[in-house]
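These notes are about the structure you will find just below.
The values are calculated or read from the model by the stated rules, or taken from the named source; none is laboratory data. Everything numeric in this text was worked out from a predicted model, so none of it was measured. Cβ sites come from the backbone with ideal geometry, for glycine too, and all protein chains shown count toward neighbours.
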């Protein structure tokens, strides 16, 4: 297991080359984090999650791993919801209703319980609390253009497994995840 973290130098005039491991070979995954300030390289999803959750790759008990992913998902949920709300208010001039604001700004020790989310401001949710995995009814949101299957105003974080979690963080815009298509073990 090896992971490498480097600063992402924006003043470099040419595209960065793929990082190689100490013994040669390339990493399987590259993850840009911290608003593009850092690049994290690793061969497994566990190694990448270890960047956010110290010691994660050393956990062997799946219950502990699931708990750590869930705790981090809620942390991201709170931070991302604040970013989304402030960005929509400032950049797009959207103002939520009092009821919407109450849901958007509520503490996340209890998951939001909404049936239909109609606000233009996306609601960030952690999927494991909602059906089919959790007990709460899964909210529905507004569909975008014809042909889109997912509502554009719901952002789902999925801590059910290592790779689903990383992919959901990527889709939410929390990180940028890339897999080396030339990677061989």
Inset, instruction - Say whether the condition of being farther than 15 Å from residue 2 by Cα, part of a loop (DSSP other than H, G, I, E, B) and out of contact with any helix residue (DSSP H, G or I) (no Cβ under 9 Å at 6 or more places or on another chain) is met by at least one residue in segment 43-56. - result: no
Inset, instruction - Kindly establish whether residue 70 is in a helix (DSSP H, G or I), under 22 Å from the mean Cα position of the chain (by Cα) and within 18 Å of residue 46 (Cβ to Cβ). - result: yes
Legend entry - Single unsatisfied condition, residue 48 versus (1) in contact (Cβ under 8 Å) with a residue 24 or more places away in the chain; (2) exposed (fewer than 14 other Cβ atoms within 10 Å of the Cβ): (2)
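Test residue 87 against the stated conditions and say whether it is closer than 28 Å to residue 33 by Cβ and at pLDDT below 95.
Here the answer is yes, as residue 87 does meet what is asked.
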Inset, instruction - Six or more apart or on different chains, Cβ under 6 Å: which pairs go from a residue in segment 58-78 that's over 15 Å from residue 134 (Cβ atoms) to one that's in a loop (DSSP other than H, G, I, E, B)? Could you list them? - result: 65/59; 68/53; 72/53; 76/174; 78/108
Legend entry - Scope segment 93-109; condition under 17 Å from residue 80 (Cβ atoms) and surrounded by fewer than 11 Cβ atoms within 10 Å (Cβ to Cβ); matching residues: 107, 109
Legend entry - Total residues in segment 60-84, condition at pLDDT below 95 and surrounded by 18 or more Cβ atoms within 10 Å (Cβ to Cβ): 1
